């Protein structure tokens, strides 16, 4: 890895972050006359902790990592955008992204005027590490990976990810949004071995908290400090922080039950889909969704919309011609889907 000072945008290195009195005082008690707040309507009248200390302590214990390695954002999308803003000079630098993958990397890149160099996955949706490294030049700052990948659903080989981490001098972002459905495959326990690694995770999937918009980034403290320097001062509101603390405190066992149920429902869904004549192939999945190949994805999608069942048509995505992506729902929702598909004549 190049020294961090060489990877960061020069203006970010020089940036003096906005500072409030709450940056220096972390207590809950006291007379607060610093932020021009209304003294009435507690507790919603006070700005939230800009460093999310209580929440980070809980997440650090949950994930087995020090709070100094944690950045919390308004969904993972905030961390994605901040990584671009920290490391990539608009109109000059570029990033490498696998194809197909999660679409927000492209959106964030275009928003920040950054070139994206897409590298196709192999026919079995694996990483082509040689092609990825061949696409790198002196202006390549980031490699974006998603494992389990969206929309393909598969985890990449750990050896391939590590090869990119050790061969590339820039930042490697590993998006593990679906890792809870692929137990034991997270690289988070190895974070200290790779100073150029940024891991994204979320509470939107396995934890059922998509509505409160809480995403996580894990990296070495020097990188976390940079992301914290350029984020908006109070990026996580009081309601999100309090609700997350509440749910993390009481829902751990329930979450494990949900994960096992969804994995079992994923297996059942695959078995049921295999019985349908228009399902030509179901790809292996380490996530809470299945990708399947059909002769007419658009017609199946339109039919299900008429039945008020919404899935994703991925047929226009690279390597996914004729493919649909189906999220694993509740047992009742899954039964309804299969029932409606059995009525479909292609």
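The table below gives the values:
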{"read-out": "Which listed residue is modelled with pLDDT of 95 or more and out of contact with any strand residue (DSSP E or B) (no Cβ under 8 Å at 6 or more places or on another chain), from 257, 176", "value": "257"}
{"read-out": "Some residue of region 15-33 being in contact (Cβ under 8 Å) with a residue 12 or more places away in the chain, outside any loop (DSSP other than H, G, I, E, B) and exposed (fewer than 12 other Cβ atoms within 10 Å of the Cβ)", "value": "yes"}
{"read-out": "Residue ID - nearest to residue 330 (Cα to Cα), chosen from residues in region 286-309 that are surrounded by fewer than 17 Cβ atoms within 10 Å (Cβ to Cβ) and in contact with a helix residue (DSSP H, G or I) (Cβ under 7 Å, 6 or more places away or on another chain)", "value": "309"}
{"read-out": "Qualifying residue in region 302-309 (condition: in contact with a strand residue (DSSP E or B) (Cβ under 8 Å, 6 or more places away or on another chain) and part of a loop (DSSP other than H, G, I, E, B))", "value": "no"}
{"read-out": "Within region 256-271, considering residues that are surrounded by 14 or more Cβ atoms within 10 Å (Cβ to Cβ) and free of Cβ contacts under 8 Å to residues at least 60 places away in the same chain, the one nearest to the chain's Cα centre (by Cα)", "value": "258"}
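One line per residue, one yes/no per condition, for (1) touching a residue at least 12 places away in the same chain (Cβ under 8 Å); (2) within 17 Å of the chain's Cα centre (by Cα); (3) in a helix (DSSP H, G or I); (4) farther than 30 Å from residue 160 by Cα:
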residue	(1), (2), (3), (4)
225	no, no, yes, no
233	yes, no, no, yes
240	yes, no, yes, yes
273	yes, no, yes, yes
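The values are calculated or read from the model by the stated rules, or taken from the named source; none is laboratory data. Because the structure is a prediction, the values reported are computed rather than measured. Every residue, glycine among them, receives a Cβ derived from its backbone with ideal geometry; neighbour counts consider all protein chains shown.
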